[in-house]
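See structure below.
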Amino acid sequence: MAKDKKSVLLYCDVIHTVEKLSDINAGLLFKHYLRYINDLNPEAPSELLDIVFEPIKQQLKRDLRQWEEKIEVRSANGYLGNLKRWNN
């Protein structure tokens, strides 16, 4: 994930996928998710979990790109605000 990013979104619609998994596989999926968002580069414990996790991973990547774009815009706006405040 992103450096110094302390939070992620877990979307509610993932429940439809997780409900179809056994409790053991659901727990393994959640552990895999936590390892992924903490940059531990996990290997999926099974092919099933690899397939189930792929759409979640793609959504995380989309969210990260959006976050990075927001950071750039906010940084630029902060820079301009600083110039307006101190350099009339």
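The values are calculated or read from the model by the stated rules, or taken from the named source; none is laboratory data. Quick caveat: nothing in here was measured; it's all calculated off a predicted structure. Here the Cβ is made from the backbone with ideal geometry for all residues, glycine too, and neighbour counts use every protein chain on show. Accessible surface areas use protein heavy atoms only, side chains included; no ligands, DNA or RNA. Shrake-Rupley method; radii C 1.70, N 1.55, O 1.52, S 1.80 Å.
Observations
- Residue-normalised accessible area of the chain, expressed per residue, 1.4 Å probe, Å²: 82
- Residues LEU83 and GLN59, FRET efficiency given R0 of 35 Å [Cβ-Cβ distance, rounded to 0.05]: 0.45
- Degrees, to the nearest 10: 23-37 long Cα axis against longest axis of the chain: 30
- Mean sequence separation of contacting Cα pairs (under 8 Å, at least six apart), scaled by the length of the chain, corresponds to a relative contact order of 30 percent.
- By a 1.4 Å probe calculation restricted to protein chains, LYS5 has an accessible surface near 60 Å², given to the nearest 10.
- Nearest-ten-degree value, helix 47-86 long axis tilted from longest Cα axis of the chain: 10
- Environment charge of ALA44, counting only residues whose C-beta is closer than 15 Å and scoring Lys/Arg +1, Asp/Glu -1: -1
- Accessible-area composition of the chain, carbon plus sulfur, in percent [1.4 Å probe]: 54
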